[in-house]
Amino acid sequence: MIQPMVSSDLRGIIEKALKNLAMEQVDFAVEHPEEMSHGDYATNVAMVSAKALKTNPLELAEKIKEELEKEKPDFVEKIEVAKPGFINFTFKDSFFAGEMANILDKADEFGKNEKLSGQKTIIEYTDPNPFKEFHIGHTMSNTIGEAISRIIEWNGAEVRRACYQGDKGIHVARAVAHKIKTKVEWRTEKDVALSYSEGSKLYETDEDFKKFVVEVNKKIYSETDTEINEVYMLGRGLTLEYFEKLYKVLGTRFDYYFFESTTGEFGKALVHKHTPGIFEESEGAIVFRGEKRDTKLHTRVFINKEGIPTYEAKELGLAKIKYDTYSHDISIVVTGNEVNDYFKVLMSALSEIFPNLAKNTKHIGHGMLRLPTGKMSSRTGDVITAESLIRAVSEKVKEKMKKSDRDLSSDESLVSDIAVGAIRYSILRQAPGRDVIFDFEKAISFEGDSGPYLQYTNARINSLLEKGKEMGINPVFKKDESVSVLEKILVRFPEVVAEAYENTAPHAIVTYLTEVAGLFNAFYANNQIVDLEKKEISAHRLAIALSTGQVLKNGLSVLGISSPEKM
RNA sequence: GCACCCGUAGUGAAAUGGAUAUCACAACAGUCUUCGGAACUGUCGUUGGGGGUUCGAGUCCCUCCGGGUGCACCA
C-alpha cells in the first residue's frame, strides 16, 4: 500500500457511505488532523453535508460513521466522531510498519509517483542576461525553478529545462558602447559587467553617449560593424562561459538555451503578421491594447519606433520556438513577480495568436530578493552577486568546520555544497511568491531552520549507521514495536511531494523535512541508538535512522540540495 | 490616480474554510562521563483596525490604515 492511495481509499469509502445513505455527494476534505492524538486522518464530510441538509453535524457524523464501519478497510484500527462533527480514522500500527519497510524497499525512489506520467513539461527559469552580473535575484529564480522542475519530475512528468537570455537589447549596447568609447580591456566577465554599469550611468547623464548607445544597438542587430561585432561576441562569450561555471556550483543544468537574438526576429515577424488586427500602430510603435480585452490589462509596446522588438515581442516568439523545439503539454515560466501584470498582457496576446499554447502556459512570479537597504540595481552597480554570496557563506561554513574534531574545511566542493544548500534553503523555506528580505547575518546562520541543519542530521545518521556496521548490528525493524510520531511522519513523504506539485509549493517540502529532522534529533537525544546490550532494539532504532536518512536525502534531492555523507 | 500583490509574537516565516494558530531566530532558564553541540528540553510572546458571510475565518466579502510592484517604446 502506497501512501497517496490511502487518502483516495478513504475518500472512496466515504463516497460510498454517502451513496448508501442516499445522501448527496459533497466536496469534502480528507486530511491529517493537526493534533495527532485525534487520529491519522480526518474528514469534515459530516459538517459539509450538515450544512446542505440543515441537520446536526454531530448526529450526521455518527450516522456516517456507522455506515463506514460496515466497510472498514483492514488497515483502519478505529473510526471516531469528534466535537463539531469530524470523523477521525486511526490506523493500525501494522500499517505503519508496512509503510516503514516500504521506505527501505523504494530507497532513492521513495516519494515518487506516476501522477503526471506521459506528460511533457518545459520550464524556463534563471534567465540571466549576458553582459550583466549574475546576482542573487537570478540565484532565487534558479533555486525556485530547479526545485519546481524536480518536483514535477518526482510526480512522473518528463521535464526539459530552459534558460532564456537577453543577448541583444539596449542593456547590451550600453556595455559595448562603453568599451568602445573608453577602450577598457575585457578579460573576464567582471570587466564586462563593469562596462555595463559604467555605461548605464553615462547613458543617463551624457546625451551624446546615449545617442551613441542607440547607434550601437542598431548595429548589434544589423551586424554591419566589424568592431562592434567583435566586442559584442567577446562580451557575450565571456559572460556565457561564466554562467556555465556557476550552474555547476549551483547544481543545475539546462537542456535548452534560447536567445533574444533569435526569438526577437521571430516575434517581430509574428507581430507584423497580425498588424493590423491583434496589434495596432500607435505613435510609430506597434502596440497591443490590453485594456480593450480586459479592464485589468493595459497597453504594451511590442515593437518600438526604432523597429526593434521589445521583450514582449521576443517572449511571444519564444513561446512558439519552445513548442517547436520540444512539443510539450505544459510550459512553465518562472520570473520575478514584478512582471506579473505585463505577463498577463502577453498571455492575452498569445491567446489570440496561439490559443493552445496560451492555455498550457503557466507563469510563476517569484518574490524579490531584497536588501534591507532597498532594491538592487545592476545599473548602478548596487548588487550582491551570486558569486560573492556563495563565497561569503562558504567562509562561514569553513569557520564552523574548523571548530569540529573532523575538520573537513579543506574539501572545497563539500564547503560549496553546504554553502549552496544554506542559500537554497533560505530561499525555498517560504512560499515562492513572497519577497525574501535578504538579511545577510540570517542567511549565513546555520542554527535551527536551515539547510545545514538538515544536512547535519543526515550526516549524523550516516555516522550512526557506520557505527552499527562496526558493531555488527544491521538495521532491521523489530516486529510489534509501537509506532512513534517520527515514523508516522516519515511515511507521509510521498503525500508531501504530491502536495508540493499541486500547490506549486517547494516550501511544503522544506517545512516537512525540518519537522522530520527535529523529530529525529529529539529521538536521538532521548535514546541510545546503538547499544550492544540491546541488539534487537538497536537494530530497530537503526532501521528508523536509516529510513529518516533516506527521506531527508530524497527530500533534499527534490529541492536541489545535496546531502553530504560527512560534514 | 488606476491595477495587482502583501500585512501573523521583538525579528523572519508556516498553516486545501476546520479541532488548542505551528517553526526558527532573539531573550531568559536548563540538558550532556554515551553514538557528531550545526544538537536537545523548557519559559516568554502573534493573526493591522472596523464591519460582514459561515456551525466554524489568519484564510472568503466590504471598508479603512500601512507596505510593495506595475502602468508606452528597459527587461
Against the condition of a type outside the set (Phe, Trp, Tyr), more than 16 Å from A:ALA162 (Cβ to Cβ) and in contact (Cβ under 8 Å) with a residue 24 or more places away in the chain, how does A:VAL231 come out, does it pass? yes
If only one of A:ASN521, A:ASN526 is within 24 Å of A:TYR453 (Cα to Cα), of a type outside the set (D, E, K, R) and modelled with pLDDT under 95, which one is it? A:ASN526
When every residue in region A:391-421 that is in a loop (DSSP other than H, G, I, E, B) and of a type in the set (Gly, Ala, Ser) is compared, the one farthest from RNA strand B (Cβ to nearest atom) is A:SER410
For region A:252-287, name all the residues that are free of Cβ contacts under 8 Å to residues at least 12 places away in the same chain and touching a strand residue (DSSP E or B) at 6+ places or on another chain (Cβ under 6 Å). A:THR275
Answer residue from region A:157-185, given it is more than 16 Å from RNA strand B (Cβ to nearest atom) and under 16 Å from A:LEU238 (Cα atoms) and is surrounded by the fewest Cβ atoms within 10 Å (Cβ to Cβ) among those: A:GLU185
For region A:464-482, give me each residue that is on the phi > 0 side of the Ramachandran plot and more than 16 Å from RNA strand B (Cβ to nearest atom). A:ASP480
Those residues that are farther than 17 Å from A:GLU306 by Cα, over 34 Å from the mean Cα position of the chain (by Cα) and in a helix (DSSP H, G or I), I need them from region A:260-286; list them, please. A:LYS273
Which fully enclosed helices (runs of 4 or more DSSP H) of region A:141-254 have 2 or more residues being under 27 Å from A:VAL420 (Cβ atoms) and within 34 Å of the chain's Cα centre (by Cα)? A:189-205, A:226-250
Yes or no: region A:318-339 includes at least one residue that is touching an Asp or Glu at 6+ places or on another chain (Cβ under 9 Å), away from RNA strand B (no atom under 11 Å from the Cβ) and over 27 Å from A:ILE148 (Cβ atoms). no
Tell me which residues, restricted to region A:300-337, are among the charged types (D, E, K, R) and in contact with a strand residue (DSSP E or B) (Cβ under 8 Å, 6 or more places away or on another chain). A:ARG300, A:LYS305, A:GLU312, A:LYS322, A:ASP329
Within the group A:GLU533, A:GLU502, A:GLU515, which residue is modelled with pLDDT of 95 or more and either out of contact with any Pro (no Cβ under 9 Å at 6 or more places or on another chain) or basic (Lys, Arg) (or both)? A:GLU515
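The values are calculated or read from the model by the stated rules, or taken from the named source; none is laboratory data. Remember, predicted model here, so these are calculated numbers, not experimental data. When we count neighbours, we look across all protein chains shown, and the Cβ atoms used for this are built from the backbone with ideal geometry, even at glycine.
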